Number of protein chains: 2
Amino acid sequence: MSVGRPSNFDRDAAVETVMNKLWRDGYEASSVKALSEMLGITRSSFYNAFGTREALFEEALALYAAQSPDRPLADAASDVSVKTLFTEVFRAMCKARAEDPEGRGCLAVNSISELCNSHDELGPLLENAVSGNLKRIQSILQSGVENNELNQDMDVAATALAVQNLQIGLNVLSKIVRTEKDLLIIAETTLSALGLWAEPN
Amino acid sequence: MSVGRPSNFDRDAAVETVMNKLWRDGYEASSVKALSEMLGITRSSFYNAFGTREALFEEALALYAAQSPDRPLADAASDVSVKTLFTEVFRAMCKARAEDPEGRGCLAVNSISELCNSHDELGPLLENAVSGNLKRIQSILQSGVENNELNQDMDVAATALAVQNLQIGLNVLSKIVRTEKDLLIIAETTLSALGLWAEPN
DNA sequence: GTTATTTTATACATCTATGGACAAAACAGT
DNA sequence: ACTGTTTTGTCCATAGATGTATAAAATAAC
């Protein structure tokens, strides 16, 4: 154990707890007071352990990203089928969203909706996450075109935007459309139309 | 003028002011105190004039719906081209979202993201708005199939969900994608793929 | 001018929320 | 035991937020 008085709580577990609350209730609805009480610590310990609420948000978002259903898009090997990759990722997304008993959608998308163009620090952070996501989708599509898996005429930039839009829409709509079946219909209909669905109809 | 002491402010203008603040900052970030100060009235007058914050939210949302770019979907005549209708509505949406200097997206979608599955009264209200929207899209598509304008094989229910998802996604993404051109690319790419874009490519 | 009505103004009590200050507590190392 | 380090607990001052209660003000109707 390191030097100094030992901490009274599990920091990693705390970040996860906070992530789930931010996911459910949003950023502004999660005050330092509320978070501290939920963790069973004083605000004093909170500030000492996490610095600011913004900093903790960033930690929670990083944890979320590491376990998000679209994570395979981030570390995509170049040898798998592009259609299969998208199909599987959207399948996993629909399943995860439908299985969440609280219907919280996606922490990142929720935060974009709440904070972009209104929070000075976190807004730009989320914008960067979105443009990073777009670049990954685009480069996956590009590799599919180069592999001859996708149509040579595909407008990669346009299609990437459409796929990202599908992703964001699904994550919002999953708060209301609560069955995996209906979410899958959205994903399959749109991806099929874009020429990106792996299974034969 | 009616009986009693005359009001000190323009109620209709107040609802519009509140609508714009809710649009920009969201529901929870718009306290009765903040709204009252913004309107230049006391909280006393606020409660007297509007009842509760929830009630005022409903008024603001109704005002928003009446001037929203997707309003043509609500009062669609049955004799216009379905493709043209969707194309024009999405064109107008892209234009409106890009032109908003504050990048606020859509009040309804923002509120769905913030309040669905967390606010007891407004959550269900927004859910109903979404399902009403879906029904309108669906009935427009249905009329297009019956008019032989659209493919007879079209899965109307699935396509309606996909269109609604496009709509919701665009409204969120418009907070980050700030040019009308890029928003139009998303709309055109997706609607074209779904067989719902009016112009030849 | 009196009455009824409605809005406005002020006060109240209570709770939330923030962030810093400072001392006390609990450890590791020596 | 002593030192240095880190966490904890407590207090502080200030501001935001809510909803109600009560009185005062401003009008229309009569």
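The values are calculated or read from the model by the stated rules, or taken from the named source; none is laboratory data. Keep in mind that what you see is a predicted model, and the values were worked out from it rather than measured. In this analysis, Cβ positions are derived from the backbone assuming ideal geometry, glycine residues included, and neighbour counts consider all displayed protein chains. The area values use the complete protein model at the heavy-atom level, side chains included, leaving out ligands, DNA and RNA. Shrake-Rupley method; radii C 1.70, N 1.55, O 1.52, S 1.80 Å.
Structural remarks
- Selection status of A:Ala74, within 16 Å of DNA strand D (Cβ to nearest atom) and of a type in the set (Gly, Ala, Ser): no
- If only residues of the stretch B:25-40 that are open to solvent by less than 30 Å² (accessible area, probe 1.4 Å) and part of a loop (DSSP other than H, G, I, E, B) are counted, the one that is nearest to DNA strand D (Cβ to nearest atom) is B:Ser30.
- Residue within the stretch A:49-66 that is crowded, with 16+ Cβ neighbours inside 10 Å, among the polar types (S, T, N, Q) and outside the structural domain of A:Glu127 (by TED's automatic domain parsing) present: no
- Screening B:Leu56, B:Leu22, B:Leu63 for residues that are out of contact with any Leu (no Cβ under 9 Å at 6 or more places or on another chain), part of a helix (DSSP H, G or I) and more than 9 Å from DNA strand D (Cβ to nearest atom) leaves exactly one candidate, B:Leu63.
Here is a yes/no grid of residues against (1) more than 11 Å from chain A (Cβ to nearest Cβ); (2) in a helix (DSSP H, G or I); (3) not basic (Lys, Arg):
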| position | (1), (2), (3) |
| --- | --- |
| B:Gly105 | no, no, yes |
| B:Glu114 | no, yes, yes |
| B:Pro124 | no, yes, yes |
| B:Val130 | no, yes, yes |
| B:Asn133 | no, yes, yes |
| B:Arg136 | yes, yes, no |
| B:Gly144 | yes, yes, yes |
| B:Leu150 | yes, no, yes |
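- Hits in the stretch A:51-72 (condition: within 16 Å of DNA strand C (Cβ to nearest atom) and either hydroxyl-bearing (Ser, Thr, Tyr) or within 14 Å of another protein chain (Cβ to nearest Cβ) (or both)): A:Thr52
- Pairs, first without any contact (Cβ under 8 Å) to a residue 40 or more places away in the chain and within 14 Å of another protein chain (Cβ to nearest Cβ) in the stretch A:30-50, second open to solvent by less than 30 Å² (accessible area, probe 1.4 Å) and more than 8 Å from DNA strand C (Cβ to nearest atom), C-beta under 6 Å, six or more apart: A:Ser30/A:Lys21; A:Ser30/A:Leu22
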